[in-house]
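Input: a single structure, listed below in structure tokens.
The values are calculated or read from the model by the stated rules, or taken from the named source; none is laboratory data. Quick caveat, the model's predicted, so the values are computed rather than measured. FYI the Cβ positions are ideal-geometry reconstructions off the backbone, even for glycines, and counts take in every protein chain you see.
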Amino acid sequence: MYLAAILAGVILFFIAKNLWRPRLDRAWIPLHEKQPRLAITGHMLTIENVRHARYRSEFEYDVTWTTESYGLNMLSGAYFVTEPYALLQAHTFLILDFSGKKVCLSVEVRKTEMKDFKVWHVITNNYEIFYIIADEDDVVKLRRDVRKDPLHYNELNFSTDELRALVNSIQSETNKYNERAWWYRLLHRNCTTEPLRNIRNARPGIPSWSWKYVATTEAEKLLHEGTYIKIGAK
């Protein structure tokens with residue numbers, strides 16, 4: 001009897017595991033309909049599905065998508081940006097600066113028409129995670145002008161070769177999300193672990209995991225401690 005109950009439990013577990021998998025094909029909200037894809041040819045970076053959202057309010061917007069190319073020889077810097085919004089909690093994202101033309105990379109929960117974001121739902125595998133690549137008027141203005149959140153800019157103290165390595169990592173990690181869906185994980189796959197993974201791929205040194213990746217307002221301190229940030233940069 002006990003053996004039969006255990007066997008039934010194991011069977012139900014694997015059925016549920018196979019049925020409740022992260023997916024790429026849900027009914028996403030318009031902001032999250034498309035994922036970027038990157039290609040590097042010589043000294044040119046081409047990005048499909050660059051998002052351009054223009055917000056009338058946080059939930060009212062117009063969105064378009066473009067394919068854009070950037071000369072890697074024009075890449076002059078990169079920033080790790082934090083958006084504090086609650087106690088010990090911040091959204092973090094990257095900005096690549098192509099000599100004044102800035103491109104934002106933000107890793108977020110991917111929302112459907114049926115769901116609003118609730119922090120406790122990430123514990124139960126209720127949200128997929130994905131990469132957004134957008135212009136500055138999209139990602140920055142939403143947070144600074146619409147939500148009225150503060151933004152902390154941390155310019156990375158990277159050489160030309162390290163900036164190129166950062167772009168190579170972003171290309172690899174972003175394209176990976178086009179092939180397979182993953183759940184957003186509070187502890188090890190969130191909006192901070194993924195940008196920091198790209199930074200660590202470009203220059204090893206920061207830990208692969210820290211409590212500061214969960215208390216995300218503290219994550220930028222790891223970069224300061226590891227001399228990843230330009231002194232006095234803003």
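So here's what we get for this one:
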| item | result |
| --- | --- |
| Every pair of residues 6+ apart whose Cβ atoms lie under 9 Å, when the first sits in region 156-177 and is within 16 Å of residue 133 (Cβ to Cβ) while the second is in a helix (DSSP H, G or I) and β-branched (Val, Ile, Thr) | 166/199; 169/199 |
| Some residue of region 136-153 being part of a loop (DSSP other than H, G, I, E, B), closer than 27 Å to residue 54 by Cβ and among the aliphatic types (A, V, I, L, M) | yes |
| Residue in region 54-71 that is at pLDDT 95 or above, on the phi > 0 side of the Ramachandran plot and either buried (at least 17 other Cβ atoms within 10 Å of the Cβ) or under 20 Å from the mean Cα position of the chain (by Cα) (or both) present | no |
| Enumeration of residues in region 168-180 that are in contact with a Phe, Trp or Tyr (Cβ under 9 Å, 6 or more places away or on another chain) and closer than 28 Å to residue 225 by Cα | 170, 173, 174 |
| Candidate set: region 192-234, residues that are part of a loop (DSSP other than H, G, I, E, B) and among the aliphatic types (A, V, I, L, M); chosen: the one farthest from residue 175 (Cα to Cα) | 231 |
| First in region 25-37 and within 11 Å of residue 112 (Cβ to Cβ), second anywhere and crowded, with 16+ Cβ neighbours inside 10 Å and of a type outside the set (A, V, I, L, M, F, W, C), Cβ under 6 Å, 6 or more apart | 29/111; 32/110; 32/111 |
